[in-house]
Every structure is written in structure tokens, then in C-alpha cells.
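This report refers to the structure that appears directly beneath it.
Bear in mind these aren't lab numbers, they're just calculated from the coordinates by the rules spelled out. Please read these numbers as outputs of a predicted model, since none were measured by experiment. Note: ideal-geometry Cβ built from the backbone for every residue, glycine included; neighbour counts use all protein chains shown.
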Amino acid sequence: MSERQYELLYILSPDATDQQVNEAHEEIQGIVTRLEGRIDKTDNWGRRKLAYEIKRHKDGIYVLETITGTGELMKELDRRLKVTDLIIRHLVVRIDERQKIAERMQAERQAEAEKRRERRGVSAEDEARIRRDRDEDEDSDQDEAEA
């Protein structure tokens, strides 16, 4: 099976302690490691208000994990998270396709910008210098207006 990149967002009960949040992360990390995947990034967003009430909770502790692994790994994670009492909601999204599309669109935009510069006879360095000079002029005008 091919490895893909996923985002796992899970919301823990607002009653969870820092130790319980770490234990939940370690449990997920253990599953990922056992099934030969890897956690690329963990981002703890902290306590946030929920958009709507979930299991009588109005807020929760959000954690975002970026995981590289197989579909089987994500199925097992999904199964385990459904039965974990501390986690009140979770969502798994495959992101590698979105990244490829975004990179392709960025490359197309850069190619179009280069074509426009060539038609105008302006190099990328000249354009960057012109923008920098214009931004500096705007900043100095704004400073004068504030004085």
C-alpha cells in the first residue's frame, strides 16, 4: 500500500488535564508507530469554544496531527478514537492531493507572472526592487500623515 498524508483533528473533553492530553497523543503515536506510519507534526490549539454543543460540552481541547501512513492505519485510528471516552469528536482528512493541486496552481501562477514580466521587459529582480521601493514610499507617507 502507498503512504499518504492525512490530517487528524480531534477534540478532547474540556475537563481533560494536560497529562490526559499527552496520554491521548502518546496513544495515537503508539498506534501510528505500530502500523509503520509517522506523525509529521502535532499542533495543540488548546481550549476553544465549540460551534455547537457536543455531548453536553460547550468547549473542548483541539489537537491537529499531520500523519503519513496507509489507509489501514487511518481506519485503525478511526476505530480506536470512536471508542475513546476522552475524545468527543475527531475528523480525518487526506491532504496529499490538495497539496499537489495547490503546488501545481502556484507553479502556474508563477509561470504566468514570469510571462507578464517578459512581455513588459521587466526582470523578476527589477519587479521586486520596484515593489520594495513603492512599499517604502507608502510607509514614509503614512509616517508623515501620523506625525
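Structure notes:
- Each Lys and Arg Cβ is given +1 and each Asp and Glu Cβ -1; about its Cα centre, the chain then shows a dipole of about 1140 debye.
- FRET efficiency estimate (nearest 0.05) - Cβ-Cβ, Q110 to W45, R0 25 angstrom: 0.20
- In loop segments of segment 1-79 as defined by DSSP, the trypsin sites (Lys or Arg not before Pro) with at most 15 further C-beta atoms inside 10 Å of their C-beta are K55, R56.
- Relative frequency of Cα-Cα separations exceeding 21 Å in segment 4-94, percent: 25
- As a calculated quantity, the FRET efficiency between D59 and E27 at R0 = 22 Å, using C-beta atoms, amounts to about 0.50.
- Convex hull volume of the C-alpha atoms in segment 22-147, normalised per residue: 210 Å³.
- Our estimate of slack between Q20 and V122, defined as 0.36 nm per intervening residue step minus the Cα-Cα distance, is 31.0 nm.
- Centroid-to-centroid separation of segment 95-109 and segment 20-65 [C-alpha atoms, Å]: 27
- Set of aspartates and glutamates with alpha-carbon distance to K58 below 12 Å, sequence-local pairs under 8 removed: D15
- Peptides 13-19, 110-116, ordered by how many other C-beta atoms sit within 10 Å of their residues on average, highest first, read 13-19, 110-116.
- Over the chain, DSSP H runs of length four or greater, each weighted -39,500 (n - 2.57), average out per residue to a 222 nm ellipticity of -18000 deg cm²/dmol.
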